[in-house]
Amino acid sequence: AATADAEGLWSPTHRRIMLSRHADHLARTLAHELTHAVLGDSWAMLPGSLEEGLADHVSGELCGTGEARLRAGRLSSACLATGGLEIDVDVLRKPSYEEELLGHRRGWSARVKLKGETVGADPLDVFRLAAGLSSTRLDTGAKRGFYGLAYLVVSRVVERHGYEGLHALCVDALEMDYDHVPVGAILEAAELDADPETWRTAAASAMGPPEIVELIRMYPDFLVDALTDYLRSLRPEGDVGDWIDEVEVEIRLADGTAAVTLHELPFVREEIVAGLQASAAPANEPVASAER
């Protein structure tokens, strides 16, 4: 069964998959539900929400065009569930002739922290609670957190041992007559521990440039507002669209090594330019008119 706000669900009773017409990525949602449908009995040994993490991982592999967005959503949800996500923004201004001679650069830096609806979740609850079941009473924010944590665990196990290694854990637990795969075995395979900070750092460091772009696409306001306020204070002369391209802007995750520049975020640049042009227009003149 799926959650009430899910984009799709697999009903084992009716042997049917139902999809929402509002699904963010229809092919990926279908692949997720098909994964649930074809899993053999041994996979039921995965505890808690891990089957959701497996279905997410498989759907991302099968639908490459939506994988970065999936990863950004799930990994950021894991970060938000375990303490938040910190993003560094660095801006370097084009140096004057004198500054260039002296090797000086002037700039501005800021660290923005995104916080989730639920803070301080115990990541080990991902092994206890089945977030994908409608009978599991969790609010939307908590469900997203557990889906993110489940994806993080599965992706780390698969990266290290493949799907075969994850399945071997299930088979071993079944042969030893366990109810589920022992949590300790999964943590060892994923190279995680019980500390939420370990999980948060692992999720953040797993995001590369494509995931950062998608993350900003999901939460653009923090970056647009911060950069617009700073760039407005520079008050340069000339066309906004020209001089903004001479400013070096880098965005990176505090716990990762990947970074992107403003040139890779045209949707952010467009909003910043519009905001700067609006603030530069005389108070008694409209920025735009619908009349012809």
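The values are calculated or read from the model by the stated rules, or taken from the named source; none is laboratory data. Source: prediction; values computed, not measured. Here the Cβ is made from the backbone with ideal geometry for all residues, glycine too, and neighbour counts use every protein chain on show. Calculation scope for accessible area: heavy atoms of the full protein, side chains included, ligands and nucleic acids excluded. Shrake-Rupley method; radii C 1.70, N 1.55, O 1.52, S 1.80 Å.
A few comments on the model shown:
- The residue list Tyr230, Tyr151, Pro210 was ranked by how far each Cα lies along the charge dipole of segment 103-238 toward its positive end, using unit charges on Cβ atoms, and Tyr230 comes out on top.
- Where [x] 0.97; [y] 1.14; [z] 1.21 are the candidate values, the label of the one calculated here for Cα Rg over 2.2 N^0.38 Å is [z].
- The chain: angle of helix 26-38 to the longest principal axis, Cα-based, in degrees nearest 10: 20 degrees
- Relative protection proxy for 232-242, 199-209, 248-258, from highest mean packing down: 199-209, 248-258, 232-242 (other beta-carbon atoms within 10 angstrom).
- Spacing of the two label points (7 Å from each Cα toward its C-beta) at Glu264 and Val112, in nm: 1.6 nm
- Of all accessible heavy-atom area on the chain, the percent that carbon and sulfur account for (1.4 Å): 50 percent
- Taking each residue as 0.36 nm, the span from Asp242 to Ala37 lengthens on full extension beyond its C-alpha to C-alpha distance by 68.5 nm.
- Assuming charge only on the beta carbon of Lys and Arg (+1) and of Asp and Glu (-1), the dipole of segment 185-243 about its Cα centre is about 200 debye to the nearest 20.
- Distance in nm between pseudo-label sites at Tyr163 and Phe222 (7 Å out along the Cβ direction from Cα): 3.4 nm
- Rounded to 10°, Cα long-axis angle of helix 140-175 versus longest principal axis of the chain: 50 degrees
- About the Cα centre, charge dipole magnitude for the chain (Lys/Arg +1, Asp/Glu -1 at Cβ), debye: 620 debye
- Inter-label distance, Glu250 to Ala44: 5.2 nm, where each label sits 7 Å from its Cα along the C-beta direction.
- Residues Ala194 and Arg137, FRET efficiency given R0 of 35 Å [Cβ-Cβ distance, rounded to 0.05]: 0.90
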